[in-house]
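The block underneath contains the structure these notes are about, expressed in structure tokens.
The values are calculated or read from the model by the stated rules, or taken from the named source; none is laboratory data. Predicted model, so just to flag it, every value in this text is computed and none were measured. Note that we place each Cβ from the backbone using ideal geometry, even for glycine, and neighbour counts take in every protein chain shown. We work out accessible area using only protein heavy atoms, side chains counted, and drop any ligands, DNA or RNA first. Shrake-Rupley method; radii C 1.70, N 1.55, O 1.52, S 1.80 Å.
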Amino acid sequence: MPNRTRELTQQTDVPSVRGALRSPKLLRTELLAGLVVALALIPEAISFSIIAGVDPQVGLFASFTMAVAISFLGGRPAMISAATGAVALVIAPVMRDHGYDYLIATVLLGGLVQVTLALLGVARLMRFIPRSVMVGFVNALAILILETQVDHLVDVPWTVYALTAIGIGLIVGFPRVSRAVPAPLVAIAALTTFTLLGDLSVPNVGDEGKLPHSLPRWFVPDVPFSLDTLETIAPYALAMAAVGLLESLLTAKLVDDITDSRSNKTREAWGQGVANLVTGLFGGMGGCAMIGQTMINVKVSGARTRLSTFFAGLLLLVLVVGFGDLVALIPMAALVAVMIMVSVGTFDWHSIQPATLRRMPASETIVMMTTVVVTVISHNLAIGVGVGVLTAMTLFARRVAHFTQIHRQLARNRDGNVTAIYRVTGELFFASSNELYTHFDYAGDPDQVVIDLSASHIWDASTVASLDAITTKYQRRGKAVQIVGLSSASAERHKLLSGFLP
């Protein structure tokens, strides 16, 4: 009951859309947060379009449709979904080798796969991702966010560095003066004004790519509806679905922790799929949750409802279509300053403090560092998290296997017969049971042997096979083995498999 009470309390702590609409202060927070996110999305969407090999408007329209769709469909309020680098990297080969129509077909199929996986309950697999992998995921993303800003600070005028430093100073210092307006918005406005008034020649948003001047249109890809087409796009669609869901669900979990609230992961999973279907039908390149922009929205700007996500998508379209010429003048230094501070705020600095590292088990640190290194090297969150989870499972199995102990004693009954009793303590599974047979004295034991499993549990077929091998070894020497103390689940598993394993 206390846990249920706490869950209800957490859910009611987050303001609803209706509450935000009735409160001018909350509405202003959501609107301004959406504006900051929209401004930060523009250069990101253009950059990801270049990675995917498509026109910049494809990425911009994808960010608009993803954000608006997920604001209604998603299970995590205030989380931002848009065109992402992770998805762009996966689908880029389709565009390069087969063209735009096949790319959109891939996005549509990827969306269908995500909906299917959601209905199959893939979101429940999140419980198997350890905390150390989550910490590694967050730290790796912070590093990747910072890494993407380096290109904007290479071979540029010295004024870019000065403007970036000023922008960081404003983001850090302005909240001490006022929190009525998000500090990143103040920094963007101030640096843009200063650049225009000073007639400074520095890289701006317009240099990243041409902004669209029309609304997105309905688009149906012109590809053959055949098995050959499916064979061509299916591998990329499956990869896109997996990467998109993994990044989205991990980001949702992170926002849950930040806001001390709960989200509906299953709804988020199928919401991502439907949002990608909508995006593909409007000619967008697909996407998923964006941790950088989500951190701007939730952690920096203080947004908490779906309105901020909706405003981010809507204002993005308004800015690029209606005010594209003005938006193009925003200096990249302003947006770089915002993203640098997002990177600093995203990184879990507590995880690398000497005191934390001394207290933390070595295995936890190894898992965290492995996740970070693999993610940063591969630039693929799915690979990094997958390797992190496998590392955690391996180290856990190794650690648990060492807890298994076997004690042998000899007991004499009333008839004077001697029985060897082996008491097994610990969990029996493949890591601990594969060497179980080495702990028995087959030659020296008396004719009666008892294996007591009352302080243990059989978890898999490997354990049953090991027990069968032990029994067989004794029987070859004319000795009888009795297995006692099995729990009901262990007894059922042993009865089902014993004698049927090679």
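Things worth noting here:
- Scanning segment 328-339 for residues that are crowded, with 20+ Cβ neighbours inside 10 Å and either within 21 Å of the chain's Cα centre (by Cα) or not in a helix (DSSP H, G or I) (or both) returns I330, P331, M339.
- Condition check for F61: of a type in the set (F, W, Y), buried (at least 24 other Cβ atoms within 10 Å of the Cβ) and either part of a helix (DSSP H, G or I) or at pLDDT below 90 (or both): yes
- Total residues in segment 270-285 satisfying the condition of being part of a helix (DSSP H, G or I) and either in contact with a Phe, Trp or Tyr (Cβ under 6 Å, 6 or more places away or on another chain) or open to solvent by 10 Å² or more (accessible area, probe 1.4 Å) (or both): the figure is 5.
- Qualifying residues in segment 184-219 (those that are among the hydroxyl-bearing types (S, T, Y) and farther than 28 Å from V298 by Cα) - the one surrounded by the most Cβ atoms within 10 Å (Cβ to Cβ): T195
- Flag if A303 is open to solvent by less than 40 Å² (accessible area, probe 1.4 Å) and modelled with pLDDT of 95 or more: no
- Within segment 474-491, the set of residues being surrounded by 15 or more Cβ atoms within 10 Å (Cβ to Cβ) and not hydroxyl-bearing (S, T, Y) comprises K479, V481, I483, G485, L486.
- Members of segment 289-306 found to be part of a loop (DSSP other than H, G, I, E, B) and in contact with a strand residue (DSSP E or B) (Cβ under 9 Å, 6 or more places away or on another chain), listed by number: M290
- Here T148, T164, T192 are screened, and the one residue that is of a type in the set (S, T, Y) and at pLDDT below 85 is T148.
- Residues in segment 433-443 include at least one that is of a type outside the set (D, E) and open to solvent by less than 10 Å² (accessible area, probe 1.4 Å).
- Listed by first and then second residue, the pairs linking a residue in segment 251-269 that is in contact (Cβ under 8 Å) with a residue 40 or more places away in the chain and crowded, with 19+ Cβ neighbours inside 10 Å to a residue that is among the small types (G, A, S) and not in a helix (DSSP H, G or I), with Cβ atoms under 6 Å apart and 6 or more places separating them unless they lie on different chains, are T251/A289; A252/S263; S263/G75; E268/G74; E268/G75.
- When R179 is tested against (1) surrounded by fewer than 17 Cβ atoms within 10 Å (Cβ to Cβ); (2) in contact with a helix residue (DSSP H, G or I) (Cβ under 7 Å, 6 or more places away or on another chain); (3) modelled with pLDDT under 90, just one condition goes unmet, and that condition is (2).
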